[in-house]
1. Rounded to the nearest 0.05, what FRET efficiency is calculated for Leu62 and Leu92 with R0 set to 25 Å and r the Cβ-Cβ distance?
2. So, in nm, how far is label Val80 from label Trp45 when the simple model puts each one 7 Å beyond its Cα toward the Cβ?
Amino acid sequence: MIASRRRMPLLEEGTMSDFGFLNTHRTWEDWCGMLVGALIVASPWFPVQDQPAIVSNQMVILNSVAVGLVVFGISQLEYVALQRWQEITTILVGLWLIASPYVLGYSGEGFLRIYHTSLGAVVVLLGVLQLWQDWDMSDQDLLKHGQ
């Protein structure tokens, strides 16, 4: 019985939060942001959707390409040097991507609405995670990211 009591604290010490897995901004998050940005750019041409209706709506394609390039570009900037405005911009762009099917009038397009809502949610969650991780860091610590 004494041996089992000794093992319990060891199990409690080995949690992910103790290792700082989600407490530290890591470069894989930036690479994930770049991948999501590329997926947003390509989203109007994903299969299982009405291609003629989407291709005829140039505003949808322009919105997808612009938002995807912004997410990709900000993720690249975060990979090089972190600044808090990048995470805030990422969150705002993700919220725009979620709202854009309803604002631009393609919410009836089915799969593209689902794609943009899902990808926008991923962008927002990634931005919130990164902002939370970097909240207490000094400007000097932010500049050391990726080194």
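No lab work stands behind these numbers, since they all come straight from the coordinates. Given the structure is predicted, the values throughout are model-derived calculations rather than measurements. Cβ sites come from the backbone with ideal geometry, for glycine too, and all protein chains shown count toward neighbours.
1. 0.85
2. That separation, rounded to one decimal, is 2.7 nm.
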